[in-house]
1. Can you return the aspartates and glutamates within cross-link range of residue 70? Criterion is Cα-Cα under 13 Å, with same-chain partners fewer than 8 residues away left out.
2. If you bin every alpha carbon distance in region 20-128 into 5 Å steps from zero, what whole percent lands in each bin?
Amino acid sequence: MKNLALLAALPFVVGCGAPPPVSLGKLSGTTWHFTAIDGTAPVGKETSLRFDKGRIGANVGCNGMGADMKIVGGQIIAGPVISTQMFCEGVMDQERAVGALLAAKPKITVRGTMMTLRGGGHSAELHLEG
């Protein structure tokens, strides 16, 4: 009888452990703002990560960057990532980190209005605009 009760509860336990898969359709048309890049608050005042049909765009406070993209198996597949190349004091390291993160096929996790990207030795935490 105990085994039967454990089997009946198994779908609830398994369902609670993994976040639901992220679909591009739910992200398309949304803008997110960086709250941390590699564990540090963004240097730039205006930051964004924008998802559109088959495209991703980012700005960490100076240069804009973007790429064609798709989401496959919980990862963002983007590239090649292109960027403007203006020099901006203090922001360049974070811009390079975000560019490398997007090029590294980061794992994407979305929980409510919070998003986490991890890959290529870099990470970013973002919140949904609004």
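Only the coordinates and a few stated rules stand behind these numbers; no lab work does. Owing to the predicted nature of the structure, the values given are computational and were not obtained by experimental measurement.
1. Within reach: 52.
2. 2, 13, 26, 29, 19, 7, 2, 0
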